[in-house]
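Below is one structure, written out as structure tokens; the observations come after it.
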Amino acid sequence: MRILIVGDLHSNYQALEAVVKDAAGSYDQVVCLGDVVGYGGDPNRVTEWVRANSQVTIRGNHDRACTGDTVIEWFTGPAQFAAEWTNAALTPENRLFLEQLPAGPLAANGFYLMHGSPRDEDEYILGRAEAAYLYPYLPGDICFFGHTHIQGGFGLRRGVAWALAAPKHGENETVHQLEPDTMYLLNPGSVGQPRDMDPRAAYGLYDSEAKVFVLRRTPYDIKRAQKRILEASLPLFLAERLAHGR
Ligand code: ZN
């Protein structure tokens, strides 16, 4: 089975469209790591795509904040503003879908999905030290996570963690053959709001038979995504950051 892994889409339909086009023919199934909405200007289109195409989806903190959860109180001003706008803009069907998403970690086809970390869906796994510390909490060998908006991830063996290389500027992908007797925390990156200084949309492809994980980047129509944010009267900062990937 070849699986397209998307996360942190953040209502950016232009980025999602580019990912789907770029990945066409390379996957049989889709899974989603949460944060379908929040920040961007197209919450309904992105949610509808996830509803129609993702076999397994878990919730992110923004999906909760945009559907009335008190987690919104911890958000920064622009994120709070966008969450309130999203809540009002969502159709009842889309809001209900997001509201009912399960929390991670969730088992799916021999791997696990989580938004933040295996012990807390709101926790950020940013470095090797955090990954190594989480070793006892991992529910299985292959865990996909998001939340940081930083593409990459970690391999873990006998208490040692190492980082997986993400595509550099000028590269479209990095290919990782997963080793036996190793645990993995794999982050496909953010489709709709990358924060790793690369503005291109990020996603992952996993081949469960060959045990190969590919990290990919694709350019998309950033100007159009920015226009959608401004048309929704969302904070200018949310549009500007897309151009810088941070
Ligand atoms: Zn996010």
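Rule-based calculations on the coordinates, nothing more; no lab input. Keep in mind the model is a prediction, meaning the values are calculated, not measured. Glycine gets a Cβ as well: all are built from the backbone with ideal geometry, and neighbour counts include every protein chain shown.
Can you tell me, using C-alpha contacts under 8 Å and at least 6 residues apart, the relative contact order of the chain as a whole percent?
Relative contact order for the chain comes out at 24 percent.
Taking K21 as the anchor, which aspartates and glutamates have their alpha carbon closer than 20 Å to its alpha carbon, excluding any fewer than eight residues away along the same chain?
Hits, sequence-local ones excluded: D8, D42, E48, E171, E173, D198, D207, D221.
For helix 13-23, report the angle its Cα long axis makes with the longest principal axis of the Cα atoms of the chain; keep it between 0 and 90° and round to the nearest 10°.
Helix 13-23 and the main axis of the chain meet at about 30 degrees.
Within region 49-93, report the trypsin sites (Lys or Arg not before Pro) that DSSP leaves as loop and that have at most 13 other Cβ atoms within 10 Å.
Counting only loop positions with at most 13 other Cβ atoms within 10 Å, none of the trypsin sites (Lys or Arg not before Pro) in region 49-93 qualifies.
Show that you can apply the helix-only estimate: for the chain, add -39,500 (n - 2.57) for every DSSP H stretch of four or more residues, divide by all residues, and state [θ] at 222 nm to the nearest 500.
Dividing the helical sum by the residues of the chain leaves -8500 deg cm²/dmol.
For region 2-243, with only Lys/Arg (+1) and Asp/Glu (-1) charged at the beta-carbon, what is the dipole magnitude about the Cα centre, in debye rounded to 20?
440
Give me the extension gain from W162 to D28: residue separation times 0.36 nm, minus the current Cα-Cα distance, reported in nm with one decimal.
45.3 nm
In whole Hz, with x marking every Gly and Pro, tabulate ³J(HN,Hα) for region 205-219 from phi via Karplus 6.51 cos²θ - 1.76 cosθ + 1.60, θ = phi - 60°.
Using θ = phi - 60°, the values come out as 10, 10, 9, 6, 7, 6, 6, 10, 10, 10, 9, 10, 10, 9, x Hz.
For the chain, would you read off the P(r) tail past 27 Å as a percentage of all alpha carbon pairs?
Roughly 28 percent, once rounded to a whole number.
Counting only residues 5 or more places away or on other chains, whose amide H sits under 5 Å from the amide H of Q193 once H atoms are built in the peptide plane?
When sequence neighbours closer than 5 places are left aside, there are no close amide H contacts.
For every other residue with a beta carbon closer than 13 angstrom to the beta carbon of H176, add +1 if it is Lys or Arg and -1 if Asp or Glu, then tell me the sum.
-1
Once amide H atoms are built 1.01 Å from N in the peptide plane, which residues 5 or more positions from E123, or in another chain, come under 5 Å H to H?
When sequence neighbours closer than 5 places are left aside, the close amide H contacts are G116, S117.
Taking just the alpha-carbon atoms of region 155-223, what radius of gyration and Dmax come out, in angstrom?
In Å, with Rg to one decimal and Dmax whole: 13.3, 46.
Angle between the Cα long axis of helix 77-89 and the longest principal axis of the chain, 0 to 90 degrees, nearest 10?
That works out to roughly 70 degrees.
If each residue of separation counts as 0.36 nm, what is the full-extension length gain between E171 and W74 once their alpha-carbon separation is subtracted?
Taking E171 through W74 to full extension adds about 31.3 nm, to one decimal.
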